[in-house]
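Here is the structure we will look at.
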Amino acid sequence: MLKVISRFVAATLWLMIAVAPALLGLLLAGPVCLILGDLNLPIVASFTVIGFVVGAVWAERVRTGMGLSEFWGRVMANPELDRY
């Protein structure tokens, strides 16, 4: 049972790292659609997919390098976040 919970937590941490660049790609698609003059769904989808692929590569490097929980701990223990 503990292995299932551990794997779920690891998958959640991996997904949070992978989704961050996908959201950035989604936000970057907005100005591109504004420049083109219409909401073009293939452009929005391609920016989001490219962001997710970059995020997946980044999450895998973190997982095989320092580890997901250590990385997330370093991000959350940043003293600059305590001010907010």
**OP:** Please arrange Ile43, Ile35 by accessible surface area, largest first, computed with a 1.4 Å probe and ligands excluded.
**Re:** Ile35, Ile43
**OP:** Leaving ligands, DNA and RNA out of it, work out the accessible area of Asp82 with a 1.4 Å probe and give it in Å² to the nearest 10.
**Re:** 130 Å²
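In deg cm²/dmol and to the nearest 500, what is the mean residue ellipticity at 222 nm of the chain if only DSSP H runs of at least 4 residues count, each as -39500 (n - 2.57), divided by the residue total?
After summing the helix terms and dividing by residue count, I get -28500 deg cm²/dmol.
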**OP:** Would you please classify the overall shape of the stretch 10-84 from the alpha carbon gyration tensor, given that a ≥ b ≥ c denote the square roots of the eigenvalues, rounded means a/c under 1.5, and beyond that prolate means a/b larger than b/c while oblate covers the rest?
**Re:** oblate
Original post:
For the pair Asn40 and Thr12, how long in nm is the line joining their label points, each one 7 Å along Cα→Cβ?
Top reply: 3.9 nm
Subject >> Extension reserve of the Arg83-Val49 stretch, reckoned as 0.36 nm per residue once the Cα distance is removed >> reply: 8.9 nm
Original post:
Roughly to the nearest percent, how much of the accessible area of the chain is carbon and sulfur, given a 1.4 Å probe?
Top reply: 73 percent
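The values are calculated or read from the model by the stated rules, or taken from the named source; none is laboratory data. Quantities reported herein were computed from a predicted structural model and do not represent experimental measurements. Cβ coordinates were reconstructed from backbone atoms using ideal geometry, including for glycine residues, and neighbour counts include every protein chain displayed. The accessibility values were calculated without ligands, DNA or RNA, using every heavy atom of the protein model including side chains. Shrake-Rupley method; radii C 1.70, N 1.55, O 1.52, S 1.80 Å.
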